[in-house]
Protein chains: 2
Amino acid sequence: MRRVADAVDAQFDLLLAVPDDPRAALFNAMRHAAIGGGKRLRPLLVTATSKLFNVEENSALKAATALEALHVYSLVHDDLPCMDDDDLRRGKPTTHVAFGEAEAVLAGDALHALAFDLLADEHTHPDPFVRAEMVSCLAKAAGPSGMAGGQMMDLAAETSTFDLSTVTRLQQLKTGALIAACVEVGAILGRVPIEGRTGLRGYAHDLGLAFQIADDILDVEGDAELAGKALHKDEKAGKQTFLTLMGLGRAKEQANMLVDQAKSHLNGYGEEANLLRAIAEYTVERDR
Amino acid sequence: MRRVADAVDAQFDLLLAVPDDPRAALFNAMRHAAIGGGKRLRPLLVTATSKLFNVEENSALKAATALEALHVYSLVHDDLPCMDDDDLRRGKPTTHVAFGEAEAVLAGDALHALAFDLLADEHTHPDPFVRAEMVSCLAKAAGPSGMAGGQMMDLAAETSTFDLSTVTRLQQLKTGALIAACVEVGAILGRVPIEGRTGLRGYAHDLGLAFQIADDILDVEGDAELAGKALHKDEKAGKQTFLTLMGLGRAKEQANMLVDQAKSHLNGYGEEANLLRAIAEYTVERDR
């Protein structure tokens, strides 16, 4: 995990060299958001999945950095005053607090574009079919039928009372879609045809849900300092979450069940999938 | 122009069918921003360029819609209270005025992703090399070394005094990069190798600058109702523009000279480039 995190940091450091012109503040804001911090779960999912198929490390790492850039952009925009209005992220002031609101909007936008720039770059993968498929996969995960749609539902959750199936759908779009895209991009890099991705898709689906239930539990039970962000937020916003709908006990059971189920989807793989199995276990253990 | 505008509207109408779920507000905000309005100069540049190379109309139109989606996203974000704080755009309330600030950030984000989704879609072009190259071109035009970088410089212009070369660079990034990408995408669709794009690149470069000088003139001399947006903004913000740096007379001369120069880059083409020539002339005549 540390190795992937360091490698992603090094990629961002190279990509975001600060120019000596009036764009410097933009690059500094992008660096603030992207470098140093976070568990880098998404890059790890890309590299761990692509390892199953002996993908060249450089390709996996560049695609992993793209997926993290997309994730970081979403954090920067979600933290904005008009969205979740958060001051702390990954143990640091959020980008708009450190650099200003306009700079944060732009830094997010620029990281969004950077993600696609990286995926479409011939240095990431020599086969244009692989590149176009990765772009297509990420664009769908990011757009109105993915992450942006999920964030819209999350805003609506403050004024509506959602049932369990709506909260599940919300989280599948808001977090699940990008987590699934990480595994999918790993498979695309490995040129796995769609019909060969069923197990990995099942794994990603269950992992995404387990991750979100664990996040809801963390919001109630976690240590804000370890988490590096404000907690008890859903409670304050009066939102329905997996916890309010299931209760703490059942939510924990459900998360553990989903982790087992995620691992069972990997039964077609041998030891080479142990890292993916460990990631699934980690999602319900992190930051406690 | 009208025909392309209608076709782009029809594309957006299909792509942005409003779902019967809590994402409806997001789709409505995207439709508000994207449908009905604007001169559709960027889609027209894509289709007019691709016509030189007998590109299939469906491909050109889908790519044109992608470029317009990217442009519309940039307008939505530029209009935000923390950026230019505009209430009127294309004769309508801006997206954050009509739908709320969070919704406007998300609608912009979702249109940003949609642009790449469209370019990477196999229904846009069957050749993955063409798709990946279009994505790469647009991502660079949108990112920190393109539009987002230009918008950052524009924010800095409120507190710095830029000279003519810095203002030129600002505008090349902020507006020029996307205009150039439209022409480039037309050439990519036509499978024109890079060495065959010199004339078109020269055309796009000069057109982009002429467009921006005309925009600065419009900001001072234009009719706000015809323009459909607030004018005299640069003046109020105390920004250096082509006008403040050159004076009205020289700015007009310069714009006309650039239009002639843009057209001269098309000398290698015959009548089939007349639409591109007409577009160049139109850029300095619009909205007066």
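Tell me, what is the percent relative contact order of chain B, built from C-alpha pairs under 8 Å that lie six or more residues apart?
19 percent
If you count only protein heavy atoms with a 1.4 Å probe, what accessible area per residue comes out for the protein assembly as shown, rounded to a whole Å²?
37 Å²
Go ahead and run the numbers for FRET between B:GLU253 and B:ALA17, Cβ-Cβ distance against an R0 of 51 Å, rounding to 0.05.
0.60
Of A:ALA214, A:TYR73, A:ALA273, which is farthest along the charge dipole of the stretch A:2-285 in the positive direction, counting Lys and Arg as +1 and Asp and Glu as -1 at C-beta?
A:ALA273
Tell me the carbon and sulfur percent of the accessible area for the stretch B:2-285, rounded to whole percent, probe radius 1.4 Å.
Looking at the stretch B:2-285 in its full context, I get 51 percent from C and S.
State the volume of the convex hull built on the alpha-carbon positions of the stretch B:116-252, expressed per residue in Å³ and rounded to an integer.
It comes to 127 Å³ per residue, whole-number rounded.
Under a point-charge model restricted to the Cβ atoms of Lys and Arg (+1) and Asp and Glu (-1), what is the dipole moment magnitude of the stretch A:104-168 relative to its Cα centre, in debye to the nearest 20?
Magnitude of the dipole: close to 80 debye.
Between A:HIS123 and A:ASN58, what is the label-to-label distance in nm when each label sits 7 Å out along the Cα-to-Cβ direction?
0.9 nm
Might you report the magnitude of the Cβ-based charge dipole of the stretch B:2-285 about its Cα centre, with Lys and Arg at +1 and Asp and Glu at -1, to the nearest 20 debye?
540 debye
Tell me the net charge near A:SER264. Cut-off is 12 Å between Cβ atoms, A:SER264 excluded, with +1 for each Lys or Arg and -1 for each Asp or Glu.
So the environment of A:SER264 carries a net charge of 0.
Only four residue types carry charge here, +1 at the Cβ of Lys and Arg and -1 at the Cβ of Asp and Glu. Report the dipole size of the stretch A:1-123 about the Cα centre in Debye, rounded to the nearest 20.
600 debye
How much net charge surrounds B:LEU106 when only other residues with a Cβ under 11 Å from its Cβ are counted (Lys, Arg +1; Asp, Glu -1)?
The answer is -4.
Given H placed on each backbone N at 1.01 Å, which residues far from B:LEU88 in sequence or on other chains put an amide H within less than 5 Å of it?
B:THR94, B:ALA230
From zero up to wherever the largest Cα-Cα distance of chain B sits, split into 5 Å bins and tell me the percent of pairs in each.
Cα pair-distance distribution for chain B, in percent: 1, 6, 12, 17, 19, 18, 13, 8, 4, 1, 0.
Using only protein heavy atoms and a 1.4 Å probe, report how much of A:ILE35 is accessible, in Å² to the nearest 10.
40 Å²
Are there any GluC sites (Glu not before Pro) in the stretch A:131-240 that are in a DSSP loop and have at most 14 other Cβ atoms within 10 Å? List them by number.
Filter output for the stretch A:131-240: A:GLU158.
State the Cα centre-to-centre distance between the stretch B:209-262 and the stretch A:225-245 in whole Å.
50 Å
I'd like the interface area for chains B and A: accessible area of each alone minus the complex, both sides summed, 1.4 Å probe, protein heavy atoms only. What is it in Å² to the nearest 100?
3900 Å²
To the nearest whole number, what is the average tally of beta carbon atoms from other chains within 10 Å of the beta carbons of peptide B:81-93?
The shielding value for this peptide is 2.
The values are calculated or read from the model by the stated rules, or taken from the named source; none is laboratory data. Every value quoted in this text rests on a predicted model; they were computed, and no experiment measured them. All Cβ positions, even for glycine, are placed from backbone atoms using ideal geometry, and neighbour counts span all protein chains on display. For the accessible areas, the whole protein counts, side chains as well, though only heavy atoms, and no ligand, DNA or RNA atoms are used. Shrake-Rupley method; radii C 1.70, N 1.55, O 1.52, S 1.80 Å.
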